[in-house]
Amino acid sequence: MERRKDTIIFLLKGSAVYMAKKQFKAESKRLLDLMINSIYTNKEIFLREVISNASDALDKLYFKSLTDKSLSDVKQSDLKIKIVRDKENRTLTIKDNGIGMTEEELEKNLGTIAQSGTLKFKNELVKDNEDSKQQVDEDKMSLIGQFGVGFYSCFMVASEISVVSKAAGSDKAYIWTSAGAEGYSIEETSKDERGTDIIIKLKEDTEDDKYSRYLEEYTIDNLIKKYSDYIRYPILMNCEKRVPKPKDDKDGSKETEYEITIEERTLNSMVPIWKKDKKDIKDEEYKNFYMQKFMDFDEPLKWIHTKVEGQYSYSTLLYIPSHVPYDYFSKDFKKGLELYSNGVLIMEHCEDLLPDYFGFVKGLVDSEDLSLNISREILQQDKQLKIIAKNIESKIRSELASMLENDRANYEKLFKAFGMPIKIGAYDGYGMNKDKLKDLLLFHSTHENEVPLNKEDDKKETYKSDYTTLKEYVSRMKEDQKEIYYGSSETIDKIKMLPQVEAVMDKGFEVLLLDESVDEFVLQIMENYDGKKFANVSANSIDLDTEEEKEALKKVNEESKDLFGFMKDALGDSTIKEVRFTHRLKNHPVCLTSEGIVSVEMQKVLNAMPDQGNQNIKAQTVLEINEKHPIAEKLKEMFKADNKEDLKKYTKLLLDSAKLIEGLPVDNPTELSNIICELMVK
Ligand code: ADP
């Protein structure tokens, strides 16, 4: 018997053979403890988990048989799952004739929590309970029901589990046995057919938990219908059948007597959910399918189920998650839809079916016209696939648009989670998709937006929205308003505090509050909405004044030309193009405005990016001083009195304050502090 050194140790002591148990890996043990001591009421999901593993094992075998000549005897029609109830021994066995597991695989798959989904669950569950084995509350346990923790969930109902498995292509079989946390053992055994038997020895019944119900035909039948109906392989079980006894005429009784016979029955309908008629599918079924299939704790926000008949026939079942997947912004995230050919999975992540900006959508496409053996390269060229992808993109877009219109609160939830990729989509490729996406964008705004909760709602309920669409903004624009105003900084509060924002609001105009780094880039690439240009309130070019006001300002600036020339030189900062008076600041003394396409905020974003040669990009700015603020008079006086030393210091202070307001670092904080203290003790 060939064994890995650390698997099972046989110790020969005289004539006795001791078999040492292997310990579970630490995190598996913890999860196991949790399962064994589970108080979770939804223990029944263990069956769903083993059935789905069995179905995966059948899929894997079929997949492999397409390319592996030694498995040419595998026929799709022979693949099945069987459930055997043994009341006498209190065992429930789930058998499959799938790919099976080798000794190493039994060790790897069942001795540790190897799979990412399971691991993720474990992390969520035990991250707060790091050091001690703690009672896990019902709340957290409920996650198990929604998510499933695979094989280990069997320990919620089992006192002992044996897994007998024979891998495809191998002539050896092994049995893995465990009674729980103490560990497990693996031994060689014999098994006729390829595949895996999971033998669950049910726990003894207690007051609260009647584990023996899992030996009843009725229970199993219901559980399969509830959770595993769509499994594409037959799930067979011996069931009782009542057949009328032939009537004996001599016997006067009118009542028909029945005989109980045993018959093997297929418990599942085998129709995948997406192939069923929409009207026959309950919301619950859609949700369950999503949570199980895509391993999400939470219900989806929305689903889109379509059947297309025509030149190409296909079905799609798409889901929008209600939250950002934990790995969404990492390089491990794989976008794409599952691709099926008439119910058989041919690719897990078909990237070409989704544009990046809808990469958060999960789901599948099933087409009868696709070949089973189609390779990845051919798929990319496939005309049919391209058409399907195009249709999917426009379907998602129109569904999102209608969600925005009719189910605003949920759309905002979606946008909070996935607004970023949609915005990037509008910007990417020099804005090639901007027109497609512009009406799906939401922005914060100074306007308190009251929107209908649901357009079809008779009660006309409204709610306060955090966002506005561009269309809504434009519809509120004043007659004399030429541009769509926006301010940008790291947070909404900071933007609202910008003096320039206050000035625009004072004129009665609405300002979009751009608090995400990509926002301003998106607006710049869009240039305008509905012919209305976007204008940064901090840009020099912003035009709010009347002709007289402009004339008056020009005059005061002209008068102080020399003062400003001196101040500009005193700063010695090449990015400050000019110093001048302004009337756009209400009570604030000073601000920085930008000139040209790079705003101060964009400069910050570009400089924060990994080095791509952006670091030297600097906004060209103008230091504007409020002509109506007492500081203006003070500066003029100093210049007149030739108090150059102090004027220099004041100028530096003004520039540094303007920078701080904009959220920019000051060049020389020590000098700033020294000047402040010097003036304080004067
Ligand atoms: P998950 O299903 O999330 O991967 P499980 O704990 O349910 O995690 O199972 C762990 C692994 O054990 C599976 O990924 C699979 O490789 C293997 N496995 C479980 N059941 C079977 C089976 N019936 N046939 C073959 N392999 C199986």
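Of the residues T670, T469, ranked by 1.4 Å probe accessible area with the largest first, the sequence reads T670, T469. Rounded to whole numbers, the Karplus 3J(HN,Hα) couplings from phi for segment 430-442 are 6, x, 4, 9, 4, 5, 5, 9, 4, 7, 9, 7, 10 Hz, using 6.51 cos²θ - 1.76 cosθ + 1.60 with θ = phi - 60°, and x at Gly and Pro. For trypsin sites (Lys or Arg not before Pro), the sites in segment 42-90 that DSSP calls loop and that have at most 16 other Cβ atoms within 10 Å are K75, K87. Amide H to amide H under 5 Å from S159: which residues, 5+ apart in sequence or cross-chain, H placed 1.01 Å off N in plane? Those lying under 5 Å, H to H, from S159 are K201, L202, K203.
With θ taken as phi - 60° and the Karplus curve 6.51 cos²θ - 1.76 cosθ + 1.60 applied, the whole-hertz 3J(HN,Hα) list for segment 650-664 is 4, 4, 4, 4, 5, 5, 4, 5, 4, 5, 4, 4, 7, x, 9 Hz, x standing for glycine and proline.
Rounded to the nearest 10 square angstrom, E255 shows an accessible area of 150 square angstrom against a 1.4 Å probe. Measuring with a 1.4 angstrom probe and ignoring ligands and nucleic acids, C677 comes out at about 70 Å² accessible. Counting only protein chain heavy atoms and rolling a 1.4 Å probe, the accessible areas of M291, M420 rank, largest first, as M420, M291.
Computed over segment 277-406, relative contact order equals 20 percent, with contacts defined as Cα pairs under 8 Å that lie 6+ residues apart. Run the Debye formula on the Cα coordinates of segment 408-536, all scatterers equal and no solvent, and tell me log10 I(q)/I(0) at q = 0.09, 0.10, 0.20 1/Å. Log10 of I(q)/I(0), two decimals: -0.25, -0.32, -1.25. Where the centroid of each part is defined by its Cα atoms, how far is segment 333-355 from segment 497-542 in Å? Distance between centres, Cα-based: 41 Å.
Working ranking of peptides 161-168, 317-324 by packing, defined as the average number of other Cβ atoms within 10 Å per residue, highest first, is 161-168, 317-324.
For segment 524-625, the per residue solvent-accessible surface stands at 51 Å², with DNA, RNA and ligands left out and a 1.4 Å probe.
Within a straight-line Cα-Cα reach of under 18 Å, K282 can be paired with the following lysines, leaving aside sequence neighbours fewer than 8 residues apart in one chain: K225, K226, K293, K302, K307.
Cross-link list K438/K478; K555/K586; K471/K628; K22/K166; K60/K172: which exceed 25 angstrom alpha carbon to alpha carbon?
Going by Cα-Cα distance, K471/K628 fall outside the 25 Å limit.
Measuring with a 1.4 angstrom probe and ignoring ligands and nucleic acids, Y463 comes out at about 50 Å² accessible. Residues whose amide H comes within less than 5 Å of that of K302, counting only those at least five positions distant or on another chain, are I320 (H built at 1.01 Å from N in the peptide plane).
Taking all protein chains into account, the per residue accessible area for segment 277-406 stands at 49 Å² (1.4 Å probe).
If you roll a 1.4 angstrom probe over the protein chains with everything in place, what fraction of the accessible area of segment 277-406 belongs to carbon and sulfur, to the nearest %? The C+S portion of the solvent-accessible surface of segment 277-406 is 45 percent. Cα convex hull, segment 212-356: 195 Å³ per residue, rounded to a whole number. Rg over Rh for segment 277-406 works out to 0.94, using Cα positions for both radii and the Kirkwood form for Rh. Expressed as a whole percent, the accessible surface of segment 408-536 that belongs to carbon and sulfur atoms is 47, based on a 1.4 Å probe. Distances between placed amide hydrogens fall under 5 Å for A539 paired with S594, all partners being 5 or more residues away or on another chain. Residue-wise HN-Hα couplings along segment 194-211, as the Karplus relation 6.51 cos²θ - 1.76 cosθ + 1.60 with θ = phi - 60° gives them from phi, are 5, x, 10, 10, 9, 9, 9, 8, 6, 4, 5, 5, 10, 3, 8, 10, 9, 5 Hz; Gly and Pro carry x.
DSSP assigns beta bridges within segment 408-536; of those with both partners inside it, close to 55 percent run antiparallel.
The values are calculated or read from the model by the stated rules, or taken from the named source; none is laboratory data. Just so we're clear, the structure is a prediction, and the values are computed from it rather than from any experiment. Glycine also receives a Cβ, built like all others from the backbone with ideal geometry; neighbour counts cover every protein chain displayed. Calculation scope for accessible area: heavy atoms of the full protein, side chains included, ligands and nucleic acids excluded. Shrake-Rupley method; radii C 1.70, N 1.55, O 1.52, S 1.80 Å.
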